[in-house]
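A short write-up of the structure that comes next.
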């Protein structure tokens with residue numbers, strides 16, 4: 001969850017953030033979702049974190065079947 005998606009993805013691509021993404025060298029933006037408020041974004045993030053991996057893959061592939069990096073679309 002972030003209020004600045006472009007900055008957050010840039011930080012991950014540049015390895016500025018020590019986290020899961022830097023540890024496993026994942027830096028492609030393959031899915032994102034906008035919400036109406038920070039509260040709803042936090043709630044949605046918590047919900048998705050409880051999902052099975054298969055459900056998350058289905059969510060991505062519904063809108064991005066080839067797992068393209070969407071960063072260029074949001075810059």
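Let me understand segment 1-41 better: what is its radius of gyration from the alpha carbons, and its Dmax, in angstrom?
11.2, 31
Starting from 0.36 nm per residue, how many nanometres of slack lie between residue 75 and residue 35 once their C-alpha separation is accounted for?
Length difference between fully extended and current span is 12.6 nm.
Once the piece of chain linking residue 16 and residue 46 is laid out straight, how much longer is it, given 0.36 nm per residue of separation minus the C-alpha distance between them?
8.4 nm
The numbers here are math on the coordinates, done by the rules we state, and not lab data. Values in this document were obtained by computation on a predicted structure and should not be read as measured data.
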